[in-house]
1. How far, in degrees from 0 to 90, does helix 181-210 lean away from the longest principal axis of the Cα atoms of the chain, to the nearest 10?
2. Which of the three applies to the stretch 1-121, rounded, prolate or oblate, going by the alpha-carbon gyration tensor with a ≥ b ≥ c and a/c under 1.5 meaning rounded?
3. By its C-alpha gyration tensor, with a ≥ b ≥ c as the square roots of the eigenvalues, how is the stretch 67-220 shaped: rounded for a/c under 1.5, else prolate for a/b larger than b/c, else oblate?
4. Using a 7 Å offset from the Cα along the Cα-to-Cβ direction at both Leu86 and Asn20, what is the distance between the two label points in nm, to one decimal?
5. Sequence-distant or interchain residues sharing an amide H contact under 5 Å with Gly216, placed H: which?
6. For every helix of n ≥ 4 consecutive DSSP H residues, a contribution of -39,500 (n - 2.57) applies; sum these over the chain, divide by its total residues, and give [θ] at 222 nm rounded to the nearest 500 deg cm²/dmol.
7. Take the alpha carbon gyration tensor of the stretch 214-257, find the square roots of its eigenvalues, order them as a ≥ b ≥ c, and report rounded if a/c is under 1.5; if not, report prolate when a/b exceeds b/c, else oblate.
8. How many nm separate the modelled label positions at Val124 and Gln351, each set 7 Å beyond the Cα in the direction of the Cβ?
Amino acid sequence: MVIDWTLRLLIYNGKLAGRNTYQDLLEFCFGRAGLVAISIFQFAFAFGGMCAYCVILGDTVPHVFRSMIPSIESIPILWIFGNRRLCIMFFTLFVSYPLSLYRDIGKLAKTSALALVAIFVIIVSVLIEGPRMSPEIRGSPDLMFNVVNDEIFQAIAVISFAFVCHHNSFLIFTSLKQPSMNRFAVVTHWSMTIAFVTCFVLAVSGYLVFTDKTAGNILNNFPPDNVLINIARLAFGLNMFTTIPLEAFVCREVLETFFWPAATFNLKRHFILTTVLVLIALVISLLTCNLGIVLELTGGFSATALAYILPPLCYLKLSAGSLWQRSKIPHWTCMIFGIIIMFVSTFYSLQKVFRPGHHAAVTCDF
């Protein structure tokens, strides 16, 4: 509900300021400092998403190939698809990268619709197979109904990452056939409702089975030879093929707006920026298997700022009347909440990264 509210508030702020990008809005409100801040947060969120989705490719697609072809490691050429790192490299470079070179985000509309089907397959698979898991794989049943533990702030950061789409909300608004606040509200309500239902069902059904053993990617909790889960892994991997380009669009637009605000489209610059972004995200994904920490850092640092801090802050700057009037209490509350989550979550996530033994605890299977 908060994300839904701040999404619509962000577009409303754009209307008040007469601006049609997040960067222009922050620059209008706070000058150069605002432009720098929003560029950092937007880029960090979108780029963190690219890294996370490349990691997911390695978590899903190789499992499917290994299940379909048990002896894949001994088969020429095909053995590439059974290796985590090579599989990430192949599908990122030959599928996601070409899609990232598109200039129009609307080109991915049909493939994004297929992603909804993939999400449905994943949820059904976890719902069916979770209760069938053996006691050795399950987590402690005593923790089944735990609601809050000592990583609540990092959890809020991950949830924020799942719901936040403020970094491309103006792109979506302008891509509507007839852009208006009412039409955007309908899109937002439907998007947030679908996102909430899918995340809630998947999270609860997975946690009730695996509790303290729940992995950052719930599909990693299941055996590698589970047929239905491998179908879900394949659906998840296919979903990432088009999700990576969506984040690349945002990263590229942020850089273009910040460094070349008045320049016309340049094909060479477009190609170089896209290539560099995809390659760096690819390298980072090859260096880690821990999806959870990528989501925690990205969500804690940038998602909270994009969703909870900057939209109400812009409204307080643009709106008429006293800053302390009663109607602005929700804006102050949302902003303070975001600041607390941002600093506490980022601190604990960084502490986890640099804690001795952390990397040993999360290892790649292959």
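Laboratory data are not the source of any read-out in this text; all were calculated from the coordinates shown. Note that this is a predicted model, so its numbers are computed, not measured. Cβ: placed from backbone, ideal geometry, glycine included. Neighbour counts: every protein chain shown.
1. The two axes meet at around 30 degrees.
2. On the way: a/c = 3.05, a/b = 2.45, b/c = 1.25.
Prolate, because a/c is 1.5 or more and a/b exceeds b/c.
3. Taking the square roots of the gyration eigenvalues as a ≥ b ≥ c, the stretch 67-220 is oblate.
4. Result: 4.8 nm between the two label points.
5. Under 5 Å from the amide H of Gly216 lie the amide H atoms of Gly292, each far enough along the sequence or on another chain.
6. Numbers: 14 runs with 245 residues, N = 366.
Value at 222 nm, helices only, nearest 500: -22500 deg cm²/dmol.
7. On the way: a/c = 6.85, a/b = 2.70, b/c = 2.54.
Prolate, because a/c is 1.5 or more and a/b exceeds b/c.
8. With each label point 7 Å from Cα toward Cβ, the separation is 4.4 nm.
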